[in-house]
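A.B. asks: Before anything else, here's the structure in question.
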Amino acid sequence: MQNASPASRIRDYFATPGGAKTTMWLVYFIYWAGMAAVLPFISLYYESLNLGGAQIGQLNSIRNFITFFSSILFAFLSDVSKRHKLVLRVCVIGMTIALFLYPTATTFTSFIPIVLLFSIFDAPVNPITDATTVTALKNPRDYGKLRVGGSYGWGIVVLAMGFLIDRLGIGFSFIFYVQVAFWIVLFMLSYFMPHAAAARPVGEEKPTLRDVWSLVRQPGMLMVIALTMIWGFGQSSVANFLFLHIKFLGGSSALMGTAMATSLIGEIVVFAYTNQILAKLGPKRMMVLAFLIQFVWFIGLALIRNPGIIPFFQFFGGATFGLIQSGSVAFVNERAPRRLSATAQAIRGGILIGLGIGVGSVINGFIYQYFGSVTMFRLMGMLALGAYCIGISAYALARRRSANK
């Protein structure tokens, strides 16, 4: 009997449960590493072309608004067709085309169709990967152990990019080509991903729009949707204007990369202990806690005058993201029928990253332009504190009602 070739052994390994986990860890790593090459620096790129704060906020909001609609549409199609990996590969190709177009644009209006194209194809990637991950796991609460791959990818690349921009002085255009390189790897890696539909019963009915409506109407779902949207409002201030805030305080590009990279420490801690945190707090209280930490983070950013302190403060940013992401994924996964897994995660992500950060980008763009970053972070901190109080009150009321039944 001939020994199996190295390629065959690799394919056999990725077909095992352990190999499936490794694949999804790598998918998160590559995807978020690619996003780290562009997202944190895109506002600086726009500003280098003399775009104003309001225009930057509007361009960044396009991606988020499109995410809400495009992610749900593509994810629903992937659930209906059960061709999640094919949909993912189409999305990677679409994003790559858009990235080659970015350096050709120089004005606000010329960026709009390019941002639209990229956003349409980027939106479904997260819900498809999240749905694939929770399907591949025997215990879906271990989601954080795989999602932490994205934290490592984001932290390593954003740190490297900040260093390269600062030391090489080659401008911002090269960030798009770096992301293309990661997308090539992601495209190839998609062939080793487990099938999100593999665990579904044979002959199971296809999901319908009525299923989506029933999902949204489930008890507690509207409150979770509201909380994730408010969290997105605040997060948009950091996603769009943290680097401009560091620049205002006199920080360098290397410091910007360091600040964003250190946030992964908080993410790693939360994702590594997601199972234990969920067991102790549950998804709802986990999400509410995210707002308290977000409040501390934003108020700290508003008070800091020495930019060198910001990287150490970014731990709170990573922790609040890990809590809201893991808590909301777990909440939705517990309530969504398996045949609607990708669509359910798309609705969650569409509210969180789409409507939340999208609306917040527009609002914070105007606040930044007319009042500055300090006022913007102070206002978002008070919003986070208000959401924390609302979440605690709603949770206490729900428990009281449950006890009285």
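The values are calculated or read from the model by the stated rules, or taken from the named source; none is laboratory data. In this text the structure is predicted, and so the values were computed from the model without any measurement. Here the Cβ positions follow ideal geometry from the backbone for every residue, glycine too, while neighbour counts run over all protein chains shown.
A.B. asks: Kindly indicate which of 202, 224, 216, 238 is under 25 Å from the mean Cα position of the chain (by Cα), at pLDDT below 75 and of a type in the set (A, V, I, L, M, F, W, C).
C.D. replies: Within the list 202, 224, 216, 238, the selection yields 216.
A.B. asks: For the range 220-239, which positions are in a helix (DSSP H, G or I) and not aliphatic (A, V, I, L, M)?
C.D. replies: Step one: of the range 220-239, the residues in a helix (DSSP H, G or I) are 221-239.
Correct list: 228, 231, 232, 233, 234, 235, 236, 237.
A.B. asks: Enumerate the pairs (first residue in the range 255-282 and under 19 Å from residue 164 (Cα atoms); second residue anywhere and of a type in the set (Phe, Trp, Tyr) and crowded, with 22+ Cβ neighbours inside 10 Å) with beta-carbon separation below 6 Å, excluding pairs fewer than 6 apart on the same chain, so at least 6 apart or on different chains.
C.D. replies: Qualifying pairs under 6 Å: 256/243.
A.B. asks: Examine the range 88-95 for a residue that is over 17 Å from the mean Cα position of the chain (by Cα), in a helix (DSSP H, G or I) and either free of Cβ contacts under 8 Å to residues at least 12 places away in the same chain or surrounded by 23 or more Cβ atoms within 10 Å (Cβ to Cβ) (or both), and state whether such a residue exists.
C.D. replies: No, the range 88-95 contains no residue that is over 17 Å from the mean Cα position of the chain (by Cα), in a helix (DSSP H, G or I) and either free of Cβ contacts under 8 Å to residues at least 12 places away in the same chain or surrounded by 23 or more Cβ atoms within 10 Å (Cβ to Cβ) (or both).
Condition check ((1) touching a Pro at 6+ places or on another chain (Cβ under 8 Å); (2) hydrophobic (A, V, I, L, M, F, W, C); (3) modelled with pLDDT under 85; (4) within 17 Å of residue 241 (Cα to Cα)) across all residues:
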| position | (1), (2), (3), (4) |
| --- | --- |
| 330 | yes, yes, yes, no |
| 355 | no, yes, yes, no |
| 360 | no, no, yes, yes |
| 378 | no, no, no, yes |
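A.B. asks: I've got another one for you. With (1) among the aromatic types (Phe, Trp, Tyr); (2) within 16 Å of the chain's Cα centre (by Cα); (3) over 21 Å from residue 158 (Cβ atoms); (4) modelled with pLDDT of 85 or more as the list, and residue 31 as the residue in question, which single condition is left unmet?
C.D. replies: The failed condition is (3).
Every residue, every condition in (1) surrounded by fewer than 24 Cβ atoms within 10 Å (Cβ to Cβ); (2) in a helix (DSSP H, G or I), yes or no:
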residue	(1), (2)
241	no, yes
247	yes, yes
250	yes, no
254	yes, yes
258	yes, yes
265	yes, yes
276	yes, yes
286	yes, yes
290	no, yes
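A.B. asks: In addition: Surrounded by 24 or more Cβ atoms within 10 Å (Cβ to Cβ) and out of contact with any Lys or Arg (no Cβ under 9 Å at 6 or more places or on another chain): is that true of residue 304 in this structure?
C.D. replies: no
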